[in-house]
1. Keeping all protein chains in the complex and leaving out DNA, RNA and ligands, what accessible area do you get for residue 54 with a 1.4 Å probe, in Å² to the nearest 10?
2. Any idea what % of Cα-Cα pairs in the range 31-91 are farther than 15 Å?
3. Could you check the spin-label model distance between residue 90 and residue 117? Points 7 Å from the Cα along Cα→Cβ, value in nm.
4. Which of the chymotrypsin sites (Phe, Trp or Tyr not before Pro) found in the range 46-77 are in a DSSP loop and have at most 11 neighbouring Cβ atoms, other than their own, within 10 Å?
5. Over the residues of the range 50-120, compute the C-alpha Rg and express it relative to 2.2 N^0.38 Å.
6. From largest accessible area down, sort 88, 47; use a 1.4 Å probe on the protein chains.
7. Determine the sum of side-chain charges near residue 40: Lys and Arg each +1, Asp and Glu each -1, restricted to other residues whose C-beta is under 15 angstrom from that of residue 40.
Amino acid sequence: LMGRGTGKGGENPKDGVQNDAAAIGTNLTLRPTSLGKIQYVGKITLDELKKHRIPGDAWLLVKGKVYDVSGWNDHPGGNVIFTTVGEDATDVFSAFHAGSSYQFLKEFEIGEIDYENSSS
């Protein structure tokens with residue numbers, strides 16, 4: 001869905017997505033405006049991760065780190081991003097993203113899985 005937005009960078013109030021070409025060089029990426037609200041939580045149990053399974057409240061796990069992708073309806077791959085929320089998305093992420101994509105996860109990071117205190 002490239003090209004949606006104001007064309008000037010910044011936020012498009014119509015779809016709640018921030019367009020920021022600086023995020024990856026000259027490529028335009030669609031970023032959720034919720035990024036500004038993301039706060040680092042720290043240790044997160046698997047039980048807590050499982051509670052965040054809907055598009056408006058969507059956390060996913062990749063390589064032991066937890067990422068908040070809530071409301072990212074304009075993810076470049078579409079709403080498929082929500083098919084693995086609330087669970088370990090490492091294999092799916094690896095299958096559909098280039099290795100260099102991992103560097104872009106950092107801004108979504110809210111914590112890491114606390115395997116020691118997780119019941120499952």
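The values are calculated or read from the model by the stated rules, or taken from the named source; none is laboratory data. None of these values were measured; they are calculated from a predicted model. Note that we place each Cβ from the backbone using ideal geometry, even for glycine, and neighbour counts take in every protein chain shown. Note: accessible area is taken over every heavy atom of the protein model, side chains too, but ligands, DNA and RNA are not part of it. Shrake-Rupley method; radii C 1.70, N 1.55, O 1.52, S 1.80 Å.
1. 100
2. The proportion of pairs with Cα distances above 15 Å equals 45 percent.
3. For the pair residue 90/residue 117, the computed spacing is 2.1 nm.
4. Passing sites in the range 46-77 do not exist.
5. The reported ratio for this selection is 1.05.
6. Order by accessible area, largest first: 88, 47.
7. Residues near residue 40 contribute -2 overall.
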